[in-house]
Amino acid sequence: MVKRVEVTPEALQMIRFLKEKHGPIMFHQSGGCCEGSAPMCYKQGDFQVGSVDLLLETIDGDVPFYMHEALYRYNKHTQIIVDLIDGFGSGFSLESLEGKSFLSRSRMFTDEEYTEIKKSL
């Protein structure tokens, strides 16, 4: 089954580190200003998910990844790939405390993958 959200090995390593350090975490990507187009990582409960946020995937078994529905409509034909880079991104996202930044890359779904994805949301 194709996933809407994948993570690079480097990002997965940081996700596991953050879970160990902070407990349950989550991602939200809004597409707004102030780094809003980057995936933001929070302790679960520190960010209130709204009625316009869609759960796209659960990463590493227990890390929800939400996206604002307007951004999803724009990106619905692509797979989001969460990556990790050196450098300070948003001070609100947990990885910034480690001198790292999550960012999202994307790739277009094949026709077959997109047909499968449309059935599941």
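The values are calculated or read from the model by the stated rules, or taken from the named source; none is laboratory data. Keep in mind that this is a model prediction, so the values were computed, not measured. A quick note on method: Cβ atoms are made from the backbone with ideal geometry, for glycine too, and the neighbour counts reach across all protein chains shown. SASA here: full protein model, heavy atoms, side chains in, ligands and nucleic acids out. Shrake-Rupley method; radii C 1.70, N 1.55, O 1.52, S 1.80 Å.
In the list GLU10, GLU95, which residue meets the criterion of being open to solvent by 80 Å² or more (accessible area, probe 1.4 Å), touching a Leu at 6+ places or on another chain (Cβ under 9 Å) and touching a residue at least 12 places away in the same chain (Cβ under 8 Å)?
GLU10
Of all residues in segment 75-92 being assigned to a strand (DSSP E or B) and either open to solvent by 40 Å² or more (accessible area, probe 1.4 Å) or of a type outside the set (Asp, Glu) (or both), which is farthest from MET108 (Cα to Cα)?
Only one residue fits best here, namely ASP86.
Being not in a loop (DSSP other than H, G, I, E, B) and not aromatic (Phe, Trp, Tyr) is the filter; apply it to segment 36-51 and report the residue that is surrounded by the most Cβ atoms within 10 Å (Cβ to Cβ).
CYS41
Exactly one condition in (1) over 13 Å from the mean Cα position of the chain (by Cα); (2) farther than 13 Å from MET14 by Cβ; (3) outside any strand (DSSP E or B); (4) not aliphatic (A, V, I, L, M) is false for TYR72; which is it?
(1)
Could you tell me which numbered condition LEU97 fails, if it satisfies all but one of (1) in a loop (DSSP other than H, G, I, E, B); (2) at pLDDT below 90?
Just one mismatch for LEU97, condition (1).
So, in segment 13-35, exactly how many residues are over 21 Å from ASP86 (Cβ atoms) and open to solvent by less than 30 Å² (accessible area, probe 1.4 Å)?
3
Pull out all pairs, ordered by first then second residue, where Cβ-Cβ is under 6 Å, the residues are six or more apart or on different chains, the first lies in segment 55-71 and is open to solvent by 50 Å² or more (accessible area, probe 1.4 Å), and the second is polar (S, T, N, Q).
So the pair list comes out as HIS68/SER30.
Could you please find all residues in segment 58-94 being at pLDDT 95 or above and polar (S, T, N, Q)?
THR58, THR78, GLN79
Just checking, which of MET26, MET67, MET14 is touching a strand residue (DSSP E or B) at 6+ places or on another chain (Cβ under 6 Å) and not in a strand (DSSP E or B)?
The conditions single out MET14.
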